[in-house]
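Novice: Below is one structure. I have some questions about it.
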Amino acid sequence: MEEALTLLSFGENGWGDTIAAGVMVTVFLAIATLPFGLILGFLIALAKNSSEPSLKLAANIYTTIFRGLPELLTLFLVYFGVQIGIQQGLKLMGFDAFIEVNSFVAGMVALSLVFSSYASEAFLSAFRGIPQGQFEGGNALGLSRYQTMTLVILPQLIRLALPALGNLWLILLKETSLVSVIGLPDLVREAGIAARVTKEPFLFFGIACLVYLLLAMISSTGLSRIERWTKKGEVAR
Amino acid sequence: MIAANPETGQIRPPAPPRAWTNIRIFGHVLMALWVISGASLLYFLGSNIASTFVEKYWLKYVDGFLVTLQIVGLSLLVGALLSIPVALARNSTWKIFSWPAYGYVYFFRGTPLLAQTFLIYYGAGTFRSELEAVGLWGFFREAWYCVIFAFSLNTAAYQAEILRGAILNVPKGQWEGAEALGISTPVTFFKIILPQALMVALRPYGNEIILMIKGSAIASIITIYDLMGETRRAYSRSYDFQAYIWAAVAYLLIVETLRRIWDKIEARLTRHLKR
């Protein structure tokens, strides 16, 4: 027991700071992915909700692809595909260089693609929960379409979509672990290094699991706070 | 829709042609991009179907596909069996049953499948002497068994929640009503309770199967040659990017086929709700 505590301590003999650095990478990757995934997901939901069939179809193809591919494969496609694509492009322009794509960026792009396709479904079902009269009411008050969207629809949309988006955030947090495979020093990778050096795999992977649980718990608390905040308007009635 | 006014006989004028609004143009541009990329993908695959890469590796891909099916099938089956006691314990009013079950479900749903797989596969090494003493080391030494073990525990947690939701969803009055009509318990369960529970559970079960197919790609990280594992091996040997493209097409086909089948099943089970 004491030995385990020494191994986990911070400083020279312990792996605490390595693990902490891994946690930071995991959290940063998830937070950096979130805005891109949300905005892209919202735009795709708008496309799916539009009355224009071609736009709807284009958006549906996007979600079909990125919800059907395993996340790991999407990651490899982005990581190797972009690398090869840039190299080919440079070759066409006459340069012959080896370009390595940053694994953080590759992870961010891949996770944003996956997150946005799921988030679009969450937004779409939230759109369906908003009565048509809200759009018409905004119109009748002389608001522009942009104003109606931002002032009337969006606040209600967030409230309706929040539970599903909260789940997606928890899934995103777990999916960041995949990025360890392409070499990003996240929680799982750092735990793996520590496990290999100290020959205590159960301890370190167990700690990694517990940290993920802790992150999930913190997120749930934060999410329920946000949910309470979005419902502030309802309580008054 | 009425085509003509019955009193005056006036024929309804045709709908005006749809205008080329900005949104419509944008939608068509996006669709054109999809069509172009789809066509170039088809061209790429078509022009490579007789290449040395395909000739060399296509049998490996078939093997990998079968391994993926085995992993998913076995894990789902074991998980389904495990999920029944977990769901029952979770529904129990006895805290000694419900709390551990809650902890189990929370742990396996709250941590990444990758970390769980590593915990079981590499973590078993910590307890080597203990496992050897009880004769289980042979089980945990093999990556294959570890993957099945980890995936089964993982999917059991998800399936237990699905099952719990479905059981809670069927009102008690259904049991009582059947009893009042003198219907025997097995008939009540299979003809009355199960169809109603399935209606609720079917969609989440389908999603769980799809999640499992996608999650099974993780097995490739601990040296299992499933579809993803064979893909990674083919890529590392040939440095040919089409390795990943073929895999993507295969996974998309599997998932889409399954989703279509599932839609059909759901349509059949809920056919009395259609109007």
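The values are calculated or read from the model by the stated rules, or taken from the named source; none is laboratory data. Here the structure is a predicted model, which is why all the values come from computation and not from measurement. Cβ: placed from backbone, ideal geometry, glycine included. Neighbour counts: every protein chain shown. Only protein heavy atoms, including side chains, enter the accessible area calculation; ligands, DNA and RNA are left aside. Shrake-Rupley method; radii C 1.70, N 1.55, O 1.52, S 1.80 Å.
Novice: Using every pair of alpha-carbon atoms in segment A:8-71, split the distances into 10 Å bins beginning at 0 and state the percent of pairs per bin, rounded to integers.
Specialist: For segment A:8-71, the pair-distance distribution reads 19, 28, 22, 15, 11, 5, 1.
Novice: Convert each backbone phi in segment B:54-71 into a coupling constant with the Karplus relation 6.51 cos²θ - 1.76 cosθ + 1.60 (shift: θ = phi - 60°), then list the ³J(HN,Hα) values in order as whole Hz, x for Gly and Pro.
Specialist: 5, 4, 6, 10, 5, 5, 4, 4, 4, 4, x, 4, 5, 5, 4, 4, 5, 4
Novice: Residue by residue, what Karplus-based ³J(HN,Hα) values in Hz, rounded to whole numbers, does segment A:220-226 have, using 6.51, -1.76 and 1.60 with θ = phi - 60° and x for Gly and Pro?
Specialist: After applying 6.51 cos²θ - 1.76 cosθ + 1.60, I find 4, 4, x, 5, 5, 5, 4 Hz.
Novice: Go ahead and run the numbers for FRET between B:Lys56 and B:Arg12, Cβ-Cβ distance against an R0 of 56 Å, rounding to 0.05.
Specialist: The pair B:Lys56/B:Arg12 has a calculated efficiency of 0.30.
Novice: Using only protein heavy atoms and a 1.4 Å probe, report how much of A:Ser224 is accessible, in Å² to the nearest 10.
Specialist: 50 Å²
Novice: In angstroms, what radius of gyration and Dmax does segment A:108-237 have, counting Cα atoms only?
Specialist: Considering segment A:108-237 through its Cα atoms, Rg and Dmax are 20.5, 69 Å.
Novice: Follow-up. Label 7 Å along Cα→Cβ of A:Ser51; segment A:118-143 residues with amide nitrogen under 17 Å?
Specialist: Backbone N within reach: A:128, A:131-140.
Novice: Expressed as cubic angstrom per residue, what is the convex hull volume of the alpha carbon set of segment B:73-273? Don't skip to the end; give the middle numbers.
Specialist: On the way: hull volume 29.6 nm³, N = 201.
Value for segment B:73-273: 147 Å³ per residue.
Novice: Can you give the convex hull volume of the alpha carbon atoms of segment A:63-123 per residue, in Å³?
Specialist: On the way: hull volume 5.1 nm³, N = 61.
Enclosed volume per residue, from the Cα hull, is 83 Å³.
Novice: Between segment B:144-164 and segment A:142-188, what's the alpha-carbon centroid distance in Å?
Specialist: Cα centroid to Cα centroid, the span is 27 Å.
Novice: Something else: Within the set of other residues whose C-beta is less than 14 Å from the C-beta of A:Ala32, count the net charge using Lys and Arg as +1 and Asp and Glu as -1. Working shown, then result.
Specialist: On the way: positive: none; negative: A:Glu175, A:Asp186.
Residues close to A:Ala32 contribute a combined charge of -2.
Novice: Which shape class applies to segment A:2-232: rounded if a/c is under 1.5, otherwise prolate when a/b exceeds b/c and oblate if not, where a ≥ b ≥ c are the square roots of the Cα gyration tensor eigenvalues?
Specialist: Values: a/c = 3.02, a/b = 1.48, b/c = 2.04.
It is oblate, given that a/c is not under 1.5 and a/b is not larger than b/c.
Novice: Would you tell me the accessible area of B:Leu198, worked out with a 1.4 angstrom probe on the heavy atoms of the protein chains, in Å² to the nearest 10?
Specialist: 60 Å²
Novice: Still on this structure, please answer the following. Taking θ = phi - 60°, what integer Hz values does the Karplus form 6.51 cos²θ - 1.76 cosθ + 1.60 yield along segment B:253-260, in sequence order, with x for Gly and Pro?
Specialist: Once θ is set to phi - 60°, the couplings for segment B:253-260 become 5, 4, 5, 5, 4, 4, 5, 4 Hz.
Novice: Can you give the local net charge around A:Ile84? Use residues other than it whose beta-carbon is closer than 13 angstrom to its beta-carbon, Lys and Arg +1, Asp and Glu -1.
Specialist: Working: positive: A:Lys91; negative: A:Glu100, B:Asp240.
Charge balance near A:Ile84 sits at -1.
Novice: Put B:Tyr121, B:Tyr43, B:Tyr57 in order of accessible area, largest first, 1.4 Å probe: what do you get?
Specialist: Details: B:Tyr121 55, B:Tyr43 170, B:Tyr57 20 Å².
Largest accessible area first, the list is B:Tyr43, B:Tyr121, B:Tyr57.
Novice: Contour minus end-to-end for A:Ala4 and A:Leu213, with contour as 0.36 nm per residue of separation and end-to-end as the Cα-Cα distance?
Specialist: 73.3 nm
Novice: Taking the simple approach of a point 7 Å from Cα along Cα-to-Cβ for both A:Glu234 and A:Ser220, what is their distance in nm?
Specialist: The two pseudo-label positions are separated by 2.0 nm.
Novice: Suppose we look only past 45 Å in the calculated P(r) of the protein assembly as shown. What percent of the Cα-Cα pairs does that tail hold?
Specialist: Values: 29569 of 130816 pairs.
When all Cα pairs of the protein assembly as shown are counted, 23 percent exceed 45 Å.
Novice: Another question about this same structure. Using Cα centres only, tell me the gap between segment B:240-258 and segment A:191-210 in whole Å.
Specialist: Centre-to-centre (Cα) distance: 33 Å.
Novice: Right, something else. Filter A:Lys91/A:Lys174; B:Lys214/B:Lys274; A:Lys91/B:Lys214; B:Lys191/B:Lys264; A:Lys231/B:Lys95; A:Lys174/B:Lys172 down to the pairs with a C-alpha to C-alpha distance above 27 Å, please.
Specialist: Working: A:Lys91/A:Lys174 38 Å; B:Lys214/B:Lys274 32 Å; A:Lys91/B:Lys214 35 Å; B:Lys191/B:Lys264 20 Å; A:Lys231/B:Lys95 33 Å; A:Lys174/B:Lys172 37 Å.
In this structure, A:Lys91/A:Lys174; B:Lys214/B:Lys274; A:Lys91/B:Lys214; A:Lys231/B:Lys95; A:Lys174/B:Lys172 lie more than 27 Å apart at Cα.
Novice: OK, next. Report the full-extension gain for the segment B:Phe44 to B:Leu194: residue separation times 0.36 nm, less the Cα-Cα distance, to one decimal in nm.
Specialist: Fully extending the segment from B:Phe44 to B:Leu194 adds 49.2 nm.
Novice: Next question. Post the alpha-carbon centroid distance, segment B:105-126 to segment A:28-100, in whole angstrom.
Specialist: A separation of 29 Å, based on Cα centres.
Novice: Estimate the FRET efficiency between A:Leu151 and B:Asn169 by the formula 1/(1 + (r/R0)^6), using the beta-carbon distance for r and 45 Å for R0, to the nearest 0.05. Provide the component values of the computation, followed by the final result.
Specialist: Details: r = 38 Å, r/R0 = 0.85.
The computed FRET efficiency comes out at 0.75.
Novice: Quick check: from the Cα gyration tensor, does segment A:141-211 come out rounded (a/c under 1.5), prolate or oblate? Present the calculation step by step, with values, prior to reporting the outcome.
Specialist: Numbers: a/c = 6.96, a/b = 3.64, b/c = 1.91.
Cα axes put segment A:141-211 in the prolate bin.
Novice: Shifting gears a bit: Suppose accessible area is computed on protein heavy atoms with a 1.4 Å probe; arrange A:Leu165, A:Leu160 from highest to lowest. Write down the numbers at each step before the final one.
Specialist: On the way: A:Leu165 25, A:Leu160 90 Å².
Highest to lowest solvent-accessible surface, that is A:Leu160, A:Leu165.
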